Structure formats: C-alpha cells, structure tokens
Amino acid sequence: MATTTITTIRQATLSDVEQIAQVFAAGFIDDDVFGRFMHPRRREYPLDWLAHWQREIRLHVLDPSVVTYAMAAFERNWEDIKHHFVGARAQSWMIEMLCVAPDAQGRGHGRALVEAAIARCRGAEGGDGRVPLCVIASERGDAFYDKLGFREVGRANVGELSGVSGGSLKQDA
C-alpha cells in the first residue's frame, strides 16, 4: 500500500538540475513520446538520454518565463496547442513537464505538485481566480490526472503524432 509523505515544494535552482534530470530520465524511459518517438536509441546511449534532460531542465531553471516547481514546470498558453484554448480557456496555464521518480511514486508527490499549480492558477493575474490548468497526459499519466479531477478537452496525438500513445489534452475541473 502506498503511503503519503509530506512534500516540500520550492523553486528549483541550478544545483538541482542533475538530480531532476535523473528523475526525468528514469521516469520517462518507457514513455512513448519522449522514448520511442523522440529518442528511440535512448537505451543504447543512456548518457545522451540523460544529457537531453539536463539541457531541458537547465533551460526551465534559467528561463524566468517558466515557473518551475521541484520536478514540474508550468507555462502559460503553450503555443503548439493554443487552438484548443478559446473562450473560458483563452487564459490558461499548461503543465509542460511533471515527473516523480519511479521509486517515489504513489506517495502523494505528484498530487502535491499539481495542487500547488492549481493554487497558483487560482491566484494568477487578470483573472477571476479561475485560470484553467491544462496538461497533455502521457499514457501512464492519464489515469493520474483523471483521479485529480481533470477532464479531456482535446487530443494532441493527431497528424504526425497519431501513432503515439497518450496525448489526451486535459483541463482541471
């Protein structure tokens, strides 16, 4: 049975990059999009796979336009899927990356990160406290977000990505 532990959420720093990159490399090794589709030779070249995550995480830590919480990154109005965000979703935040180390899953860390993001959205500028939080869920993440009350509002695995697992575009309820 999984136990819930206290999760501390704080702004990531450059000294966190290596550990966060290792978490993402382990957490996404079997992911269809990041693994098979984008990095098909990740198992042959594990150092390149890790270097990809080091670069990605470093960019999020250094870029002041991205809000990075521990092992999650949130961005406003992700350009690639903005056509899904009209009307009430015109102003929204996007969970760009969220990962929990495989051996730490099931303890409430992911839930804590998402709840912190929702709280931040509710306090976002220029809104009525109801700025939506959205995510493109991986195949494994789909049920996780459903448990947190997210609902599907579109698909991101269309066109070239139609053969990729996951891709449910979800919004918090």
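The values are calculated or read from the model by the stated rules, or taken from the named source; none is laboratory data. All values reported here derive from a predicted model rather than from experimental measurement. So basically every Cβ, Gly included, is an ideal-geometry build from the backbone, and we count neighbours across all protein chains shown.
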Please go through the range 41-97 and pick out each residue that is modelled with pLDDT under 60, assigned to a strand (DSSP E or B) and not aromatic (Phe, Trp, Tyr).
-> Val67, Thr68, Ala72, Ala73, Glu75, Arg76
Hey, any hits in the range 126-139 for a residue that's modelled with pLDDT of 80 or more and out of contact with any strand residue (DSSP E or B) (no Cβ under 7 Å at 6 or more places or on another chain)?
-> yes
Restricting the first residue to the range 141-164 and requiring it to be more than 21 Å from Phe28 (Cα to Cα), which pairs with a second residue that is modelled with pLDDT under 80 and not in a loop (DSSP other than H, G, I, E, B) meet a Cβ separation below 8 Å and a spacing of at least six or different chains?
-> Val153/His84; Val153/Arg89; Gly154/Ile81; Gly154/His84
In this structure, does Ala104 turn out to be surrounded by fewer than 19 Cβ atoms within 10 Å (Cβ to Cβ) and without any contact (Cβ under 8 Å) to a residue 24 or more places away in the chain?
-> yes
